[in-house]
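Engineer: Dumping the structure here so I can ask a few things about it.
The values are calculated or read from the model by the stated rules, or taken from the named source; none is laboratory data. Not measured: the values here are computed from a predicted model. Positions of Cβ are backbone-derived with ideal geometry, glycine not excepted, and every protein chain shown enters the neighbour counts.
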Amino acid sequence: MSTKSQRIIGLTGGIATGKTTVSNYINKIYKIPILDADIYAREAVQPNSPTLQEIFIRYGQLIKLPDGQLNRQILGDIIFNNSEERQWLESKIHPFIRNKFEKEISRLKSSIIILSIPLLFEAELTSLVTEIWVVYCSYDKQIKRLIKNNKMTKKQAIKRIKSQISLEKKITLADVVLDNSLTPDALYQQVDFFLKI
């Protein structure tokens, strides 16, 4: 899959802990390739894709926008209120994401590649990486960020957080823990340190 000298960093954390902040910083300062699972997940449900057709068959027209796109808000409400439906959707999307990662990793010759994967553990994609970085912040900060940035209610925010493996568990599985409970500069200093090891 990768050469021994290649560092493939799996960047993960909880929802709203600051993974995007870390990705953007690494991309801007170090110009390291960032492969983003969220982008691939959106690709998987593009109009006319087989996965999107399966979603429409399962949930009906209710989930289809007038332009043929997926109504993400309604889908989110369905899958974050029903773990069986969430597992069904993930079983359709995760193989597509893995395939995209494998293709890109084999194509890129960079000595370091970042795989930004919110569901690194849940989607069982740890075999793709050589090290795991977890971005951490407090539970209260996660909730506040989801309410402010994602316009969620506190109840919705808690549901989203609880749908993932706990941050505490992820930290025990990490090679590197980035603490994002202080300032952005404090976070960037940690990134600098661990990238240069």
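Engineer: Looking only at region 183-195, decide whether some residue is more than 16 Å from the chain's Cα centre (by Cα), of a type in the set (D, E, K, R) and more than 13 Å from residue 14 (Cβ to Cβ).
Structural biologist: Looking through region 183-195, at least one residue is more than 16 Å from the chain's Cα centre (by Cα), of a type in the set (D, E, K, R) and more than 13 Å from residue 14 (Cβ to Cβ).
Engineer: Given 65, 70, which one is touching a Leu at 6+ places or on another chain (Cβ under 9 Å) and over 30 Å from residue 181 (Cα atoms)?
Structural biologist: Of 65, 70, the one residue that is touching a Leu at 6+ places or on another chain (Cβ under 9 Å) and over 30 Å from residue 181 (Cα atoms) is 70.
Engineer: Which ones in region 91-123 are at pLDDT 95 or above and among the acidic types (Asp, Glu)?
Structural biologist: 102, 104
Engineer: Taking the stated definitions as given, is residue 123 within 29 Å of residue 158 (Cβ to Cβ) and touching a Phe, Trp or Tyr at 6+ places or on another chain (Cβ under 6 Å)?
Structural biologist: In short, no.
Table: residues versus (1) under 16 Å from the mean Cα position of the chain (by Cα); (2) over 24 Å from residue 191 (Cα atoms).
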{"site": "132", "(1), (2)": "yes, no"}
{"site": "137", "(1), (2)": "yes, no"}
{"site": "142", "(1), (2)": "yes, no"}
{"site": "146", "(1), (2)": "yes, no"}
{"site": "154", "(1), (2)": "no, yes"}
{"site": "160", "(1), (2)": "yes, yes"}
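Engineer: Filter region 128-170 down to the residues that are more than 11 Å from residue 13 (Cβ to Cβ), touching a strand residue (DSSP E or B) at 6+ places or on another chain (Cβ under 7 Å) and among the aliphatic types (A, V, I, L, M) and list them by number.
Structural biologist: Those that are more than 11 Å from residue 13 (Cβ to Cβ), touching a strand residue (DSSP E or B) at 6+ places or on another chain (Cβ under 7 Å) and among the aliphatic types (A, V, I, L, M): 128, 129.
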